Every structure is written in C-alpha cells, then in structure tokens.
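The values are calculated or read from the model by the stated rules, or taken from the named source; none is laboratory data. This is a predicted model, so every value here is computed, not measured. Note: ideal-geometry Cβ built from the backbone for every residue, glycine included; neighbour counts use all protein chains shown. Side chains included, ligands, DNA and RNA excluded: accessible areas come from the protein's heavy atoms. Shrake-Rupley method; radii C 1.70, N 1.55, O 1.52, S 1.80 Å.
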Amino acid sequence: MTAAARSTRRDPRVAVIGAGMSGVLAAIELARAGYRDVAIYEKADRLGGTWRENTYPGIACDVPSHLYSYSFAPNPEWSHRFSPGAEIQAYFEDVARRFGVTERIRFGAEVVGCAFADGRWSLALADGARDAADVVIAATGVLHHPALPAIEGLASFAGACFHSARWDHAVPLAGRRVGVVGTGSSAIQIVSALVDRVGELALFQRTPQWIAPAENPPYEEAEKAAFRADPASLAAVRAAAERALTDGFANVLVDADSPVLQVIQDACTANLERSVRDPALREKLRPAYRATCKRLVISADFYDAIQRPNARLVTEPIERVEPAGVRTRDGRLHALDVLVLATGFRVDAFVRPMRVTGRGGVALDDVWKGGPFAYLAMCVPGFPNFFLLQGPNGPVGNFSLIDVAEREMGYVLQLLARIRAGACDEVSVTPAAMERFDAERRAAARRTIWATGCRSWYLDREGLPTAWPWSFDRFRSDTAAPRLDDFELRRRGER
Ligand code: NAP
C-alpha cells in the first residue's frame with residue numbers, strides 16, 4: 001500500500017511545496033502538531049529560498065536579526081543588528097537540521113502541477129513522478145522570479161550580465177567597469193558593497209529612492225554571551241524590535257495621513273541634505289514622491305558610495321544595451337565590463353509556473369487572470385485544503401516575514417485540526433468571504449502610502465496596491481483564529 005493510499009483524514013497527508021523560510025517553518029510546525037505524513041518538495045538542491053538565491057555583495061536583511069528569526073529558535077549568535085545574507089542562510093540550514101527537517105526534504109524535486117480531484121490533491125513532478133496528498137501548503141515564495149528588463153540589445157552585451165538574484169561569483173570585479181541597473185533595496189546594497197572593489201561603477205537610476213539611515217553595529221562578544229546566558233534578555237530585544245517596527249513602520253504605512261510618515265520623510269530628507277555635498281547630485285537623488293511610497297530603502301553608506309570618485313550616477317534614460325556597454329538617450333556610451341540587473345522580481349507569479357487546478361478542474365491561472373488574490377493571503381475559493389504561505393495580499397515588505405509565516409501557519413493548523421477531528425475532509429474559503437475581503441481590501445488600499453503616486457512592485461496592473469492594506473496589529477488579530485463562517489467544511493464526495 002502506498003503512503004498516499006494509507007492516509008486517513010485523522011492523519012491527513014500534507015505536501016509542503018518549497019523549503020525556504022516558510023516551507024521549513026511549515027515542516028517544523030506540522031511535526032510539532034503531530035502530523036506524521038508530510039512530504040516536503042524543494043526544486044533546488046539546497047533549502048533557503050531567497051537566502052539561497054540572493055548572494056549578491058552586500059546582501060543583508062534590513063529587518064533586525066533578532067526579529068528576523070523563528071520565535072522558537074532565537075539566535076544569540078547574530079553578528080549584527082542587520083546580519084548578512086550568508087549568516088541568515090546558515091541559520092535556516094542550522095534550524096532545519098536541528099529540527100529534523102533537512103533529511104526529510106526531497107531536493108531536486110520540482111512540483112509542476114497540483115490537481116484536485118475526488119477529494120484529494122494529485123501532484124505532478126518535473127521528472128514525471130507523482131504523489132497524492134489531502135492538503136497542500138504552497139510555500140513557494142514572493143520575491144522569487146527575477147524580472148528582467150525589456151531593454152533593447154540586452155542579449156548583445158559582450159561582458160558578463162546577470163540579475164542580482166543570480167549573482168555570478170566567477171566574474172572578477174577588481175578594477176573593472178561595472179554597471180548596475182535599478183535603485184531598489186538590492187541595488188543600493190550592491191552599490192555600497194561594490195564601489196571600493198571595482199574600477200568604475202555606473203548606477204543607472206530610473207527613479208531616485210528615499211534612503212533611511214540606519215547604523216548596523218556588530219554585537220560584541222559580551223552581548224552575545226549575555227544573550228546566551230539569559231534568554232529573557234534576547235526575548236526583550238526581539239519584543240522591542242517587534243513593537244518599534246509595528247508602531248513606527250508597518251502600522252503607519254497603511255494610513256497616508258499618519259504624522260509618523262512625516263517623521264520618516266523628515267529623517268530621509270535630512271539624511272539626503274546632510275550626506276550629499278554636490279547640490280546637482282543631491283537634486284538627482286531627491287525623489288519626487290513621498291517617502292515609503294516605494295518600499296523604503298535602508299542604508300547607512302549608499303550616499304557615501306555614490307559620491308566616491310569612481311562612482312557615477314546616470315539619470316539619463318537607457319536607450320539600449322550594446323556589446324560595449326549601455327547607450328543612454330543623450331547618445332553617450334557607458335562602456336562596461338559587467339552589467340548587473342538589480343531590476344526586481346515578478347511579484348504576481350506566486351505559485352506559478354506550477355499549474356494548479358481546483359474543484360471542477362478550474363485553473364488557478366484563470367481564477368487569477370485579473371491578478372492574484374487570496375483571503376487573508378492564504379486561501380482561494382474553489383481550492384480546498386490548499387494554503388498559500390506569503391500568498392497575495394499579505395503584509396510583504398514591511399515586517400518580519402518570519403513572523404508573518406508563523407501566524408499564517410498557526411491559522412492553517414487550526415483549519416487542519418477540523419479535518420483531523422473528523423469535522424470535515426475539505427475546507428475552503430467561501431466565495432462570499434473572499435468577495436467581502438477583497439472589496440474591503442481594495443477600499444483600504446486606496447488610503448495607503450503606496451497609493452500616493454509612485455511606481456512600485458506593490459501596485460497591480462490597475463495601479464492599486466496589492467499588499468495587506470491594514471495595520472500589522474490587524475493582521476495579528478485576523479490570523480489569530482479562523483472565522484469558521486467564512487469557510488465551507490465538506491465531507492469527501494459531498495456536493
Ligand atoms: P525593486 O525594489 O523592484 O527595484 C527594481 C529597480 O529596478 C527599480 O529601481 C526599478 O526602477 C529598476 N528597473 C526595473 N526595470 C528597469 C528598466 N527597464 N530600466 C531601468 N530601471 C529598471 O527590486 P529589489 O531591489 O530587488 O527589491 C525588491 C524587494 O525585495 C524590496 O523592495 C524588498 O522588499 C526586498 N529586499 C529586501 C532587502 C532587505 O534588506 N530586507 C534587500 C533586497 C531586497 P523604478 O523604480 O523606476 O521602477
């Protein structure tokens with residue numbers, strides 16, 4: 001008898017797709033809740049998701065490390081307030097190993113299709129293998145699929161050219177002429193880290209960014225020893241960071257009239273005024289939209305970096321790429337050896353390109369043809385027992401996504417408990433609940449700072465922000481326990 005056939009609703013078989021931060025969490029939480037029949041699929045040969053894929057120079061997380069940690073696995077060893085990416089990757093690998101997840105992951109196993117039929121999910125893998133599960137948890141990431149710019153001639157570039165999330169570490173940089181396209185969080189970190197390593201650096205800026213200064217001090221050995229000796233002090237650091245990020249950032253972004261936004265704006269303006277000496281350069285770096293309309297960039301050293309003698313800010317639009325470099329609209333050729341595309345991600349992909357079909361063979365691609373959506377960022381009507389972690393309309397970009405994933409997983413486990421208790425075999429959000437959520441979400445989105453007139457990855461095709469448009473406190477309360485009236489609980493085979 002196969003594992004799939006053996007499973008009963010008292011011990012539902014769960015498939016977790018993706019072993020990044022959220023997938024590892026799902027595996028740990030399922031095991032703690034006593035789910036024994038869990039398959040974890042990871043298309044790559046290593047866990048870590050974002051932190052496996054993004055290895056660009058200067059990568060760090062701008063959420064304080066003691067908050068960007070699982071609540072059940074505090075880490076007294078973090079080296080900095082904002083620790084570097086390699087350290088974060090090592091943390092996830094360590095936690096996955098310690099909690100017995102790593103050996104259970106099927107690496108190199110890409111799920112390409114999930115179809116719901118006869119009360120179960122059938123999974124198709126890229127190598128032709130199949131599996132079946134009662135429940136699917138799609139932990140497939142958000143900022144995952146690189147967005148490559150549609151710049152004429154890009155393929156003709158004679159030097160090395162790669163996206164920030166596909167860094168080619170074999171390419172030498174010392175003494176070379178490096179171009180960076182983009183001014184998002186990735187580009188700003190890259191420029192700051194590269195400028196002293198390369199011969200010349202050209203930053204191609206389409207839109208300037210507001211930059212919030214934030215020092216990144218290391219933790220001294222004595223501080224780490226104190227954290228080790230007294231876990232309560234570590235918990236206190238985390239709680240303080242959580243409160244500060246909630247009240248000083250996440251909660252205020254959703255109210256464009258919040259006075260705290262003016263405080264952030266003033267801090268960014270003062271940073272620009274005080275840091276950039278040349279008035280012409282200062283004006284080129286001054287955004288014409290409100291701070292935090294785009295995802296705020298945090299950097300203590302970018303303004304220094306862009307003022308180095310070997311750095312050049314190019315604001316003339318890119319006309320095309322040629323074998324020798326980038327040609328801007330003024331006719332100038334910026335000769336380059338290396339071109340880095342820090343041009344962001346296709347944020348509306350979510351579980352795609354995986355093909356997901358729900359009840360009645362309805363394709364998720366069709367349901368989402370106007371743009372992806374999910375009730376509380378987790379559930380889509382017609383897709384029973386299918387849960388997204390970090391799905392559409394979640395509070396991405398403004399809080400610790402680990403905290404977000406933990407809350408989502410806690411919510412999913414409460415729904416699964418209904419199945420395990422025998423109350424139902426299938427749980428799906430009702431179309432009415434989805435509609436109500438989406439109508440309220442759209443109305444609230446218009447009041448957020450993201451809707452105040454800038455281009456960003458928060459916006460959908462109509463220019464409406466897609467991220468969670470309410471306070472983070474509301475996310476906490478909405479995800480604390482499912483409102484069962486919003487769900488349809490069915491027995492297998494019931495119509
Ligand atoms: P991003 O914020 O989407 O930035 C992409 C940049 O590329 C923008 O400056 C954009 O210009 C530019 N661009 C795109 N297409 C272009 C084209 N055809 N020509 C010229 N410029 C073009 O991407 P990201 O920097 O990778 O960051 C994405 C998100 O990842 C962040 O907002 C953040 O949430 C997360 N992240 C976090 C950290 C961290 O420290 N926690 C670090 C890196 C990333 P426009 O502005 O004009 O559109």
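Observations on the model:
- For LYS43, the accessible area of its heavy atoms, probed at 1.4 Å with every protein chain present, is near 90 square angstrom.
- Relative contact order (percent, whole number), segment 378-417, Cα cutoff 8 Å, 6+ residue spacing: 32 percent
- In Hz, Karplus ³J(HN,Hα) per residue of segment 291-307 (6.51, -1.76, 1.60; θ = phi - 60°; x = Gly, Pro): 4, 6, 5, 8, 4, 4, 9, 10, 7, 8, 10, 4, 4, 4, 4, 6, 9
- Each other residue within a Cβ distance under 14 Å of GLU440 adds +1 if Lys or Arg and -1 if Asp or Glu, for a net charge of +3.
- For segment 375-386, putting each phi into the Karplus relation 6.51 cos²θ - 1.76 cosθ + 1.60 with θ = phi - 60° gives couplings of 4, 6, 6, 10, 10, 10, x, x, 10, x, 6, 10 Hz, in residue order, rounded to whole numbers and with x for Gly and Pro.
- With Cα atoms, 0 to 90° folded angle of helix 401-420 axis to the chain main axis: 10 degrees
- Rounded to the nearest 20 debye, the dipole size of segment 180-290 about its Cα centre is 340 debye, using +1 on the Cβ of Lys and Arg and -1 on the Cβ of Asp and Glu.
- Farthest towards the positive end of the charge dipole of the chain, among the residues ILE190, ALA280, VAL14, is the Cα of VAL14, using unit charges on the Cβ of Lys, Arg, Asp and Glu.
- Nearest 10 degrees, 0 to 90: helix 85-98 Cα axis against the chain principal axis: 20 degrees
- Cα-centred dipole magnitude for the chain, charges only on beta-carbon of K, R (+1) and D, E (-1), debye, nearest 20: 780 debye
- Dipole-positive endmost among GLY58, SER400, ALA240 within the chain (Cβ charges, Cα centre): SER400
- Taken along the Cα-to-beta-carbon direction at a fixed 7 Å, the label points for GLN265 and GLU152 span 3.8 nm.
- Residue-wise HN-Hα coupling along segment 392-400, computed from phi with Karplus coefficients 6.51, -1.76, 1.60 (Hz; x: Gly, Pro): x, 6, x, x, 7, x, 10, 7, 5
- Between segment 444-484 and segment 118-194, the Cα center-to-center distance that results, in Å: 25 Å
- Residues in the chain average 41 Å² of solvent-accessible surface per residue, probe 1.4 Å, ligands and nucleic acids excluded.
- Packing rank of 20-31, 463-474, where each peptide gets the mean count of other beta carbons within 10 Å, highest leading: 20-31, 463-474
- A simple charge model with +1 on the Cβ of Lys and Arg, -1 on the Cβ of Asp and Glu and nothing else charged puts the dipole of segment 1-91 at about 480 debye relative to its Cα centre.
- Part-to-part distance (alpha-carbon centres) for segment 66-89 and segment 235-279, which is given in Å: 22 Å
- The chain: relative contact order in percent, alpha carbon pairs under 8 Å with at least 6 residues between: 20 percent
- Share of carbon and sulfur in the accessible area of the chain stands at 52%, probe radius 1.4 Å.
- Backbone amide hydrogens, once placed in the peptide plane, bring VAL356 within less than 5 Å of CYS114, LEU364, ASP365, excluding anything fewer than 5 places away on its chain.
- Remark: relative contact order (segment 366-495) = 31 percent; criterion is Cα-Cα distance under 8 angstrom and separation of 6 or more residues.
- Rounded if a/c under 1.5, otherwise prolate or oblate - segment 30-76, Cα gyration tensor axes: oblate
- Cα Rg, Dmax (largest Cα-Cα span) when computed across the chain, Å: 23.4, 74
- Highest mean packing comes first when the peptides 313-324, 377-388, 164-175 are listed by Cβ atoms within 10 Å, giving 377-388, 313-324, 164-175.
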